[in-house]
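S.K.: My structure is below; once you've seen it, I'll send some questions.
The values are calculated or read from the model by the stated rules, or taken from the named source; none is laboratory data. Predicted, not measured: the structure shown is a model, and the values here were computed from it. All Cβ positions, even for glycine, are placed from backbone atoms using ideal geometry, and neighbour counts span all protein chains on display. Protein only, heavy atoms only, side chains kept; ligands, DNA and RNA dropped before computing areas. Shrake-Rupley method; radii C 1.70, N 1.55, O 1.52, S 1.80 Å.
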Protein chains: 2
Amino acid sequence: MPDILHRVGIKSSPNAVYEALSSIEGLAGWWTRTTRGDGSVGGVIQFRFEPRGFFDMKVLELEPPRHVLWEVVDGPAEWIGTRVGFDLREEDDHTIVLFRHQGWKEPVEFMHHCSTKWAVFLLSLKSYVESGTGTPYPDDVKIDNWN
Amino acid sequence: MPDILHRVGIKSSPNAVYEALSSIEGLAGWWTRTTRGDGSVGGVIQFRFEPRGFFDMKVLELEPPRHVLWEVVDGPAEWIGTRVGFDLREEDDHTIVLFRHQGWKEPVEFMHHCSTKWAVFLLSLKSYVESGTGTPYPDDVKIDNWN
């Protein structure tokens, strides 16, 4: 099954990056301003991109400050059951983030869009952690006619 | 085998996007300023990113203004023999670019980096065609400790 893979390096500590990936406030700083829910293991985080759509993520695994894994429990049909993971480690004064969105059934056109869009949001994460200012939805970089 | 997939939408004509993907001057406007070689079918285009590295691409297919396909004939070991393709079509006042970098043997960490970096360069392509100004290497957006 095809996966979306990305790598960014953030000039900050693993703890700071982990906080941005695991707390509701942190997630709202780089992915979508309308983020709420329960970020603990077994909880569900609601990410809202009104009026375009939404994702509900169940938190499967948290290992501070190294690992975050979610499962998509509601949202676009192509996303349901897929898993989104972040693995962190230190290298050359950066925290390296290896990102994987796994479990897509087919490499549909929407997957191409989501791959580019994840890159945009991971660079928003980098900016948020390094400078305090990200570009979460609705202030995100638009990439195509699907936004 | 895992692939890198992306989708961008460019507010311009397929002809303008195709020109940026098939001419030496166009390619130098968004990927790397040091681009030279023979862009016709069967020719080899040299993309230079000194001092970091290089790619040599053999042009396999050109179908103006809809399709470009290259094969990597020299460069990093993980890239050799892989294929990079662009498919264009019009939709909603955009030219949609579907990008695929296919034939990776393994989803190595370098592939994660290249996936994010391709997104950055495809957004440079979008900017170059829409405004006349891209951010080709060495002026590209840096994403991690590998640049």
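S.K.: Would you pull out the residues with amide H under 5 Å of A:ASP144's amide H, same chain only if 5 or more places away, H placed 1.01 Å from N?
M.R.: B:GLY9
S.K.: Okay, next question. In whole Hz, with x marking every Gly and Pro, tabulate ³J(HN,Hα) for the stretch B:47-63 from phi via Karplus 6.51 cos²θ - 1.76 cosθ + 1.60, θ = phi - 60°.
M.R.: 10, 10, 10, 5, x, 7, x, 7, 9, 10, 10, 8, 7, 8, 9, 9, 10
S.K.: Over chain A, with every protein chain in place, what whole percent of the accessible area is carbon and sulfur at 1.4 Å, could you tell me?
M.R.: 49 percent
S.K.: Related question: When a/c is below 1.5 the answer is rounded, else prolate if a/b is larger than b/c, else oblate, so apply that to chain A with a ≥ b ≥ c taken from the square roots of the Cα gyration tensor eigenvalues.
M.R.: rounded
S.K.: So for the stretch A:72-147, averaging the separation of alpha carbon pairs under 8 Å that are six or more residues apart and normalising by length, what relative contact order in percent results?
M.R.: Relative contact order here is 18 percent.
S.K.: Taking 8 Å as the Cα distance limit and 6 or more residues as the minimum spacing, I'd like the relative contact order of chain B as a percentage.
M.R.: So the answer I get is 29 percent.
S.K.: Among the DSSP beta bridges whose two residues both lie in the protein assembly as shown, what percent are antiparallel, rounded to the nearest 5?
M.R.: 95 percent
S.K.: Where in the stretch A:3-22 does accessible area fall by at least 10 Å² between the isolated chain and the complete protein assembly, at a 1.4 Å probe radius?
M.R.: By number: A:ASP3, A:LEU5, A:HIS6, A:ARG7, A:VAL8, A:GLY9.
S.K.: Return the long-range amide H neighbours of A:THR82 (sequence gap of 5 or more, or a different chain), with a cut-off of under 5 Å between placed amide H atoms.
M.R.: Close amide H contacts, sequence-distant or interchain: A:VAL72.
S.K.: Let me ask something else about it. Going down the list A:LYS142/B:LYS126; A:LYS105/B:LYS117; A:LYS105/B:LYS142; A:LYS11/B:LYS105; A:LYS58/B:LYS117, which pairs span over 21 Å between their C-alpha atoms?
M.R.: Beyond 21 Å between Cα atoms: A:LYS105/B:LYS117; A:LYS105/B:LYS142; A:LYS11/B:LYS105; A:LYS58/B:LYS117.
S.K.: Keeping every protein chain present and rolling a 1.4 Å probe, give me the accessible area per residue for the stretch B:1-122 in Å².
M.R.: I get 42 Å² per residue for the stretch B:1-122.
S.K.: Let a ≥ b ≥ c be the square roots of the eigenvalues of the Cα gyration tensor of the stretch B:1-68; is it rounded (a/c under 1.5), or, if not, prolate (a/b larger than b/c) or oblate?
M.R.: rounded
S.K.: On to the next question. Between copies, how far does the label point of B:SER127 sit from its twins, in nm, shortest first, when each point is 7 Å from Cα along Cα→Cβ?
M.R.: The answer, with the shortest distance listed first, is 1.1 nm.
S.K.: List, by residue number, every residue in the stretch B:104-126 with a reduction of 40 Å² or greater in accessible area between the chain on its own and the complete protein assembly, 1.4 Å probe.
M.R.: SASA drop of 40 Å² or more in the stretch B:104-126: B:GLU109, B:HIS112, B:THR116, B:LEU123.
S.K.: Which sequence of A:GLU50, B:GLU78, B:GLU25 reflects their accessible areas, 1.4 Å probe, from the largest down?
M.R.: Listed by decreasing accessible area, they come as B:GLU25, A:GLU50, B:GLU78.
S.K.: Within 15 Å, Cβ to Cβ, of B:ILE45, how many net charges do the neighbouring residues add up to if Lys/Arg are +1 and Asp/Glu are -1?
M.R.: -2
S.K.: For Cα pairs less than 8 Å apart in space and 6+ apart in sequence, what is the mean separation divided by the residue count of the stretch B:1-53, i.e. the relative contact order in percent?
M.R.: With pairs under 8 Å counted, the relative contact order is 20 percent.
S.K.: Need one word for the stretch B:83-136: rounded, prolate or oblate. Basis is the Cα gyration tensor (sqrt eigenvalues a ≥ b ≥ c); a/c below 1.5 gives rounded, then a/b vs b/c decides.
M.R.: oblate
S.K.: Follow-up. Label-to-label distances across copies for B:LEU60, with labels 7 Å out along Cα→Cβ, in nm, shortest first?
M.R.: Here B:LEU60 shows inter-copy label distances of 3.3 nm.
S.K.: Oh, and also: Find, among the residues of chain B, the one whose Cβ sits nearest the axis of the rotation taking B to A; state the distance in whole Å.
M.R.: Nearest residue, distance rounded to whole Å: B:ALA119, 2.
S.K.: Considering only C-alpha atoms, what is the centroid distance from the stretch A:99-147 to the stretch B:38-87, in Å?
M.R.: Going from one Cα centre to the other spans 26 Å.
S.K.: Another question, if that's okay. Per DSSP H run of at least 4 residues, take -39500 (n - 2.57); add these up for chain B, divide by its residues and hand me the 222 nm value, nearest 500 deg cm²/dmol.
M.R.: So the calculated ellipticity at 222 nm is -8000 deg cm²/dmol.
S.K.: Copy-to-copy spacing for A:GLY103, label 7 Å out on the Cα-to-C-beta vector, in nm, shortest first?
M.R.: 3.3
S.K.: Using only protein heavy atoms and a 1.4 angstrom probe, determine the accessible area buried between A and B, summed over both sides, in Å² to the nearest 100.
M.R.: Chains A and B together bury approximately 2400 Å².
S.K.: Just to confirm the number: angle between the C-alpha axis of helix B:109-131 and the first principal axis of chain B, 0 to 90 degrees, nearest 10?
M.R.: 20 degrees
S.K.: Right, another one. Give me the net charge for the shell around B:GLY85: Cβ to Cβ below 9 angstrom, other residues only, Lys and Arg +1, Asp and Glu -1.
M.R.: The answer is 0.
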